[in-house]
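Worksheet for the structure shown next.
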Amino acid sequence: MKKSDLEKLQLKANWVWQETVRIHYLAPETRVASSLSPVEILTVLYYGGFIDFFPKNRFSKKRDRVIISKGHGSLCMYPILADLGFFSKNKLKTVCQSGSFLGGIPDPIIPGYETINGSLGHGIGVSSGIAIALKKQKISKKVFVLVGDGELHEGSNWEAIMLAGQLKLSNLVVLLDNNKISMLDKTDNIINHRNLSQKMKEFGWETFEVKDGHSVREVYSALNKTKKQTKPQFIIFNTNKGNKVPKLENLPLSHVIPIDKNYMKEIFKGE
């Protein structure tokens with residue numbers, strides 16, 4: 001990829017980060033720390049040319065499917081979808097307000113979302129089912145699913161992982177937002193994910209690990225490997241929960257802590 005294109009992706013990721021913080025400023029009940037860790041993953045996925053989508057015909061059979069399993073942590077999807085024309089950017093000012101379709105936890109009423117994303121642990125299973133259906137219909141489109149590392153503690157994920165490996169679902173890609181912090185503590189203090197890449201290989205998946213999930217260059221390089229796929233793929237993006245926010249980044253309880261109002265006022269001062 002050209003240097004100029006990477007620079008454009010970085011600028012877009014910076015904008016998505018800022019708009020995510022802005023939404024949280026207007027709706028402090030949103031889960032912002034979880035939403036800042038996948039910013040670069042989703043930015044590169046949508047703007048890097050890896051998926052086909054049609055804002056004016058969002059249920060087109062020619063679309064790739066993107067399933068957001070960690071729904072509470074996908075606030076950063078809102079500015080991306082608005083920017084791409086799924087709905088008006090003016091709607092970003094209405095998150096969590098009465099009558100708005102943009103809630104703290106998304107559902108399919110939001111243009112661009114495929115599934116209900118409130119209960120964790122079901123995204124890989126749902127995505128596996130969609131991948132199977134697409135293969136049976138001979139529709140050569142991919143299914144990408146964004147998963148949080150904390151929800152891998154749910155057993156339903158592992159049932160789906162075994163099934164997808166057994167069926168060699170070569171149209172399925174799991175994007176793991178590995179920010180290493182669950183709701184109340186670091187994931188390793190609950191159930192550790194050590195040797196996760198090797199575990200996935202044992203289940204019949206092709207696995208990749210991205211050292212810096214906030215580097216658009218590294219994210220792009222990893223997603224580029226999805227273009228040649230013979231097995232289900234599992235990409236581990238090592239990220240920071242609450243990325244780039246002082247006093248929030250990588251804090252064990254950051255999942256439920258809002259950003260300091262004074263910090264946000266400083267960010268948007270002069271606008």
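Where a number appears in this text, it was derived from the coordinates with a stated rule and is not lab data. These numbers come from a predicted model, not from an experiment. All Cβ positions, glycine included, derive from the backbone under ideal geometry; neighbour counts span all protein chains shown.
Just the ratio, please: alpha-carbon radius of gyration of region 1-103 over 2.2 N^0.38 Å, N its number of residues. It would help to have the intermediate numbers written out before the result.
Working: Rg = 13.8 Å, N = 103, 2.2 N^0.38 = 12.8 Å.
Ratio of Cα Rg to 2.2 N^0.38 Å: 1.08.
Determine, for PHE234, PHE208, the number of other Cβ atoms within 10 Å of each Cβ, and report the residues in order from fewest to most. Spell out each step's value before the answer.
Values: PHE234 26, PHE208 16.
So the residues, fewest neighbours to most, are PHE208, PHE234.
Summing -39500 (n - 2.57) over the DSSP H runs of n ≥ 4 in the chain and dividing by its residue number, what mean residue ellipticity at 222 nm do you reach, to the nearest 500 deg cm²/dmol?
Theoretical 222 nm ellipticity from helices: -10500 deg cm²/dmol.
Could you give the dipole magnitude of region 121-219 about its Cα centre, charging the beta-carbon of Lys and Arg +1 and that of Asp and Glu -1, in debye to the nearest 20? Spell out each step's value before the answer.
Numbers: 13 positive and 12 negative charges, 121 e Å.
In total the dipole reaches around 580 debye.
Given +1 on the Cβ of Lys and Arg, -1 on the Cβ of Asp and Glu, and no further charges, what dipole in debye does the chain carry about its Cα centre, rounded to the nearest 20? Walk me through the numbers before you get to the answer.
Numbers: 39 positive and 26 negative charges, 212 e Å.
My answer is approximately 1020 debye.
Kindly put VAL66, VAL219 in sequence by how many other C-beta atoms sit within 10 Å of each C-beta, fewest to most.
Details: VAL66 23, VAL219 27.
Going from sparsest to densest Cβ surroundings: VAL66, VAL219.
How are the C-alpha pair distances of region 32-163 spread across 5 Å bins, as whole percents from the shortest bin up?
That works out to 2, 10, 19, 23, 22, 14, 7, 2, 0, in percent per bin.
For THR226, THR94, THR239, which order do you get if you count the other beta carbons within 10 Å of each Cβ and list the fewest first?
Working: THR226 20, THR94 16, THR239 25.
Taking fewest neighbouring Cβ atoms as first place, the list is THR94, THR226, THR239.
Using a/c under 1.5 as the rounded threshold, could you call region 102-176 rounded, prolate or oblate? The axes a ≥ b ≥ c are square roots of the C-alpha gyration tensor eigenvalues, and prolate needs a/b larger than b/c, oblate otherwise. Before the final figure, lay out each step's value.
On the way: a/c = 2.37, a/b = 1.23, b/c = 1.93.
Oblate, because a/c is 1.5 or more while a/b does not exceed b/c.
Output wanted: per-residue J couplings in Hz (rounded whole) for region 49-62, from phi through Karplus 6.51 cos²θ - 1.76 cosθ + 1.60, θ = phi - 60°, x for Gly and Pro.
x, 9, 9, 9, 8, 9, x, 8, 9, 5, 9, 4, 5, 8
So which residue, out of ASP149, ASP260, ASP107, gets the largest mean-square fluctuation from a GNM of the chain using Cα contacts under 10 Å as springs?
ASP260
Classify region 16-58 as rounded, prolate or oblate, taking a ≥ b ≥ c as the square roots of the eigenvalues of its Cα gyration tensor: rounded when a/c is under 1.5, otherwise prolate if a/b is larger than b/c and oblate if not. Intermediate values should be presented prior to the final figure.
Details: a/c = 2.98, a/b = 1.81, b/c = 1.64.
Judged from the Cα gyration tensor, region 16-58 comes out prolate (a/c at least 1.5, a/b above b/c).
For region 108-209, what relative contact order do you get, as a whole percent, if you take Cα pairs closer than 8 Å and at least 6 residues apart?
Values: 112 pairs, mean separation 27.7, N = 102.
Relative contact order, region 108-209: 27 percent.
Please report Rg over Rh for region 3-267, where both radii come from the alpha carbon positions and Rh follows the Kirkwood definition. Before the final figure, lay out the partial values.
Working: Rg = 17.4 Å, Rh = 18.5 Å.
Ratio value, two decimals: 0.94.
Among ILE124, SER182, TRP205, flag the residue with its Cα farthest along the positive direction of the charge dipole of region 109-237, charges on Cβ as +1 for Lys/Arg and -1 for Asp/Glu.
TRP205
Can you give the % of DSSP beta bridges in the chain that are antiparallel, to the nearest 5? Please list the in-between numbers first.
On the way: 1 of 22 bridges.
Restricted to the chain, the bridges split so that about 5 percent are antiparallel.
Over 5 Å intervals from 0, what percent of Cα-Cα pairs in region 154-271 sits in each interval?
2, 10, 17, 18, 17, 14, 10, 6, 4, 2, 1, 0
Could you compute the net charge surrounding LYS56? Neighbours are other residues with a C-beta less than 14 Å from the C-beta of LYS56; K and R count +1, D and E count -1. Please list the in-between numbers first.
Values: positive: ARG58, LYS62, ARG63; negative: ASP52.
The answer is +2.
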